[in-house]
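See structure below.
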Amino acid sequence: MKNKPVPILGLIAFVAIANAGDDSILWYDKPATDWEKEALPIGNGRIGAMVFGGVAAERLQIAEKSLWTGGPGTEGGYDYGLPAESQAALMGSIRGKLLDGATLAPEEVAKQLGRKMHNYGDYQSFGDLLIESAGGEGEVSDYRRELDLDTGVARVKFKQGTNGIRREYFVSYPDQVLVGRWYSTGTQKLRLRFAVPGNRSAQTQLEAGSKGARLSVSGALKSNGLRYAAELLVIPDCGSVTADGDALRFEGDCPLTFILSARTNYQMRYPDYREAGADPAARARADGNDAATRRYGLLAQRHGEDHRQLYGRVKLDLGSPAAKVSTDRLRASYGSGNAAADRALEQLYFNFGRYLLIASSRAGSLPANLQGVWNDKATPPWNADYHVNINLQMNYWPSEVANLAETAGPLWDFVDHLVEPGKLAAQRYFGAPGWTMFLNTNIWGYVGPIDWPTAFWQPEASAWLAQHFYEHYLFSRDEKFLKTRAWPVMKGATEFWLAALVVDPRDGKLVVSPSYSPEHGPFTAGAAMSQQIVADLFTNAAQAARLVGDKAFAARVDAALAKLDPGLHIGKWGQLQEWKVDLDDPKDDHRHVSHLFALHPGRAIDPVSNPELAAAARKTLDTRGDASTGWSRAWKINFWARLRDGDRAHKLLEGLLRDSTLPNLWDTHPPFQIDGNFGATAGIIEMLLQSQHDEIQVLPALPKAWPKGSISGIRARGDVTVGMSWDTCGIRELTLDAGHAGPVAVRAALFDGEFQSAAPLKGKGVRRTFTARAGNHYVFTRTAACAAAL
Ligand code: FUC
């Protein structure tokens with residue numbers, strides 16, 4: 001805490017702003033008034049803040065991932081959605097009714113198997129950091145509010161009269177605090193306070209001294225006693241800070257730094273979700289004090305290095321010059337004929353998706369929920385929880401392909417901790433070993449079904465989550481992860497399904513029963529998605545079992561897989577059937593297209609190896625139509641990319657940007673739901689690179705709208721980092737960085753023409769193989785000139 005102006009650091013930051021490319025900056029020429037549509041998100045995975053950038057009154061709305069109502073300790077008790085006794089008899093009777101292609105209305109099944117969510121809880125807003133600035137005189141001009149995705153810093157700049165004002169904010173992962181810095185060329189007179197939402201009370205304490213001041217807020221949620229605390233440190237370079245009621249006042253002719261920390265006494269451990277003896281106030285104080293030992297420049301440097309180390313790995317260039325208009329205008333005019341502006345928005349949106357994942361999912365905290373880490377409500381939509389019939393999974397689709405595997409750390413921890421309660425769900429509902437769960441979960445280990453008839457039943461959730469673990473192994477080739485983290489989760493989910501499948505009297509195949517295609521249609525036995533997810537799990541588990549040396553288990557899984565209905569039936573109008581009985585209606589435009597799981601994120605449907613199934617999937621997608629909710633459109637980008645139809649995938653991206661994207665580029669369901677941002681980010685990569693079939697496929701679904709461009713740093717299965725550039729003649733250069741030694745197969749149109757290769761290649765035509773050496777960088781370059789005009 002040195003009382004000295006820091007103009008040099010300020011200048012450095014200023015230069016950085018000027019140089020940052022616009023494909024990494026969201027910017028606006030007025031303050032935000034709407035939290036959902038306009039404010040800008042910053043975060044470190046655990047703490048999220050929404051920046052409004054008001055001139056006279058700044059608002060930073062704060063959330064901390066573990067501040068939830070409900071759960072253990074709630075008045076009236078909490079359960080995990082599980083019945084006390086086995087439901088075997090009930091399940092038997094429902095299964096009996098579903099024999100021979102019979103259907104049951106969801107309401108009827110929900111009445112019997114559904115359970116009321118009891119004190120499930122909601123994700124809460126932590127509060128608002130409010131800063132009023134008095135004495136500003138004169139007209140406001142040159143206003144700019146921006147989010148720099150490259151540095152992870154939000155900034156507000158404007159002139160007021162003769163004063164130049166600049167504010168910077170970031171949430172640091174290394175220092176676990178939010179940091180702000182306010183500069184002004186004139187005297188600053190500020191009033192800072194922290195307001196908790198009106199439905200809660202909190203104690204506020206102030207201490208003001210010569211070197212700065214502290215404001216501490218602490219309390220406990222009334223419903224469940226969860227304790228929380230925030231601490232605001234105000235550290236001016238000069239001037240004075242004084243206590244004023246529940247606020248701190250600062251006056252001085254110099255910049256001011258503030259540090260906000262926030263903690264609760266939550267821990268992610270079933271069933272003890274409160275850390276024994278933890279004092280959130282002491283932890284918040286320690287966070288703040290620790291951060292305050294570093295000056296602003298150092299805090300910014302530590303944050304920037306940490307952020308860029310992740311964000312800087314991938315670079316997409318769609319050949320567009322930087323956009324000159326503000327981001328809200330860029331989005332509003334998207335699709336109106338200016339191709340360069342459209343490409344600029346697509347690049348920015350892609351970068352924003354990567355940014356959001358870094359900001360909302362970092363090791364040591366909970367995974368990104370339906371709103372990432374951001375929330376301003378006491379009762380947010382769907383409790384801002386973890387839905388596992390698409391949404392949580394979609395959040396993590398970019399983590400491997402966009403080279404952000406570290407962001408999945410919270411997902412591994414979260415799923416791990418669900419295995420224990422999930423064993424009870426498996427036993428009580430199915431009398432089966434292993435673990436499972438249903439539609440949704442919260443931070444309190446909820447694993448039972450709920451009672452919402454059209455969504456409540458999805459026991460395939462654990463199998464679907466297990467896919468993420470195996471995929472991480474496929475991308476990283478990390479055998480330790482496979483053995484110690486992936487295998488226990490996968491094996492438990494597999495044990496569950498080995499026991500829970502039943503024989504279908506129609507054809508003697510093993511099926512899931514009762515089975516429900518997410519949020520759609522009747523209950524039947526063997527709906528496509530149920531079967532496809534279990535088939536995907538068994539395929540992965542058989543491979544993983546061999547890799548970890550569990551041969552007996554692999555043989556058991558193989559035997560079950562041979563008898564399993566794979567859920568891939570083509571119906572009477574050429575569609576891929578959503579149910580084993582052909583019930584599909586060609587006029588249906590339901591948002592869930594669950595029966596295409598095997599196309600994406602599964603891999604059983606592939607246009608090259610099984611064109612009939614791919615054609616049926618295409619038929620299904622054509623009849624369902626493109627328009628839908630944000631996440632549904634995002635999923636369809638991935639589907640069309642897997643069908644190798646780049647133009648259609650791009651059309652979906654267009655629809656998403658035009659109709660399901662808010663001015664701050666957040667995805668809207670509506671309302672705001674972050675999964676679409678993540679699904680589309682992964683989809684853009686899926687258009688350029690795929691690797692689900694033991695080969696690296698280059699530009700599998702390149703749209704005409706992207707005649708030239710480049711991407712680098714993206715990941716293929718097999719621990720390969722890929723870069724490429726293309727033009728109207730196709731791929732120009734391909735680079736592969738092999739993390740592991742071994743055979744690599746590449747499918748690239750490049751190999752069809754004249755090219756130079758740094759690796760001795762085997763094979764002919766577009767598919768070539770070579771043996772990679774770990775750590776080697778391979779370059780394949782087209783040597784023929786491109787005559788085709790752009
Ligand atoms: C699933 C979807 C809804 C919504 C909810 C959070 O249930 O069907 O559309 O996305 O999750």
Residue by residue through region 444-487, note down the ones that are more than 30 Å from VAL744 (Cβ to Cβ) and either among the small types (Gly, Ala, Ser) or part of a helix (DSSP H, G or I) (or both).
GLY445, GLY448, ALA455, ALA461, SER462
Within region 564-590, which residues are without any contact (Cβ under 8 Å) to a residue 60 or more places away in the chain and of a type in the set (Lys, Arg)?
LYS572, LYS587
Hits in region 482-519 - residues which are within 16 Å of the ligand (Cβ to nearest atom) and not polar (S, T, N, Q):
TYR516, PRO518, GLU519
Filtering region 438-457 for residues that are closer than 13 Å to PRO83 by Cα and either buried (at least 24 other Cβ atoms within 10 Å of the Cβ) or more than 16 Å from the ligand (Cβ to nearest atom) (or both) leaves a count of 4
Checking the conditions here, which among ALA276, ALA322 is farther than 30 Å from GLY730 by Cα and aliphatic (A, V, I, L, M)?
ALA276
Among strands (runs of 3 or more DSSP E) lying entirely in region 174-233, which contain 1 or more residues that are within 13 Å of ALA262 (Cβ to Cβ)?
177-184, 188-195, 212-220
Quick one: count up the residues across region 374-389 that are at negative phi and within 15 Å of the ligand (Cβ to nearest atom).
10
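So that you can scan it fast, the table gives a plain yes or no per residue for (1) at pLDDT below 95; (2) part of a strand (DSSP E or B); (3) under 13 Å from VAL51 (Cα atoms):
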position	(1), (2), (3)
GLY121	no, no, no
SER125	no, no, no
ASP128	no, yes, yes
ILE131	no, yes, yes
GLY136	yes, no, no
ASP142	no, yes, no
GLU146	no, yes, yes
THR151	no, no, no
ALA154	no, yes, yes
Any idea which of (1) more than 16 Å from the ligand (Cβ to nearest atom); (2) crowded, with 24+ Cβ neighbours inside 10 Å; (3) closer than 24 Å to ASP584 by Cα is the one PRO522 doesn't satisfy?
(2)
Out of curiosity, is GLY312 small (Gly, Ala, Ser), surrounded by fewer than 21 Cβ atoms within 10 Å (Cβ to Cβ) and modelled with pLDDT of 95 or more?
yes
Suppose we keep only residues that are within 16 Å of ALA463 (Cα to Cα) and either within 16 Å of the ligand (Cβ to nearest atom) or hydrophobic (A, V, I, L, M, F, W, C) (or both) within region 398-417. Which one would you say is surrounded by the most Cβ atoms within 10 Å (Cβ to Cβ)?
VAL415
Residues in region 544-560 that are closer than 18 Å to LEU474 by Cβ, in contact (Cβ under 8 Å) with a residue 12 or more places away in the chain and part of a helix (DSSP H, G or I) total 5
Given the structure, is SER361 away from the ligand (no atom under 16 Å from the Cβ) and without any contact (Cβ under 8 Å) to a residue 60 or more places away in the chain?
no
Looking at this structure, is GLY567 modelled with pLDDT of 95 or more, buried (at least 20 other Cβ atoms within 10 Å of the Cβ) and in a loop (DSSP other than H, G, I, E, B)?
yes
Matching strands (runs of 3 or more DSSP E) fully within region 242-327 where at least 1 residues are of a type in the set (Ser, Thr, Tyr)
256-264
I'd like to know if region 83-100 contains one or more residues that are part of a strand (DSSP E or B) and either among the acidic types (Asp, Glu) or within 30 Å of THR327 (Cβ to Cβ) (or both).
no
One residue from THR681, THR629 being surrounded by 24 or more Cβ atoms within 10 Å (Cβ to Cβ), in contact (Cβ under 8 Å) with a residue 40 or more places away in the chain and under 25 Å from the mean Cα position of the chain (by Cα)
THR681
Extreme residue, nearest to the chain's Cα centre (by Cα), among residues of region 585-601 that are away from the ligand (no atom under 15 Å from the Cβ) and more than 20 Å from ILE684 (Cβ to Cβ):
ALA598
Selection from region 636-660 of residues that are within 16 Å of the ligand (Cβ to nearest atom) and either free of Cβ contacts under 8 Å to residues at least 24 places away in the same chain or within 26 Å of ALA32 (Cα to Cα) (or both):
LEU656, ASP659, SER660
Cβ-Cβ under 7 Å, sequence separation 6+ or interchain: first residue in region 490-504 and in contact (Cβ under 8 Å) with a residue 12 or more places away in the chain, partner part of a helix (DSSP H, G or I) and of a type in the set (D, E, K, R). Which pairs?
LEU498/ARG556; VAL502/ARG95
Looking at region 747-758, can you tell me whether even one residue there is modelled with pLDDT of 95 or more, among the basic types (Lys, Arg) and either within 11 Å of ILE696 (Cβ to Cβ) or in contact with a Ser or Thr (Cβ under 6 Å, 6 or more places away or on another chain) (or both)?
yes
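The values are calculated or read from the model by the stated rules, or taken from the named source; none is laboratory data. Just so it is clear, the structure is predicted and the values come from calculations on it, not from any experiment. Ideal geometry is used to build each Cβ from the backbone, glycine not excepted, and the neighbour counts take in all protein chains shown.
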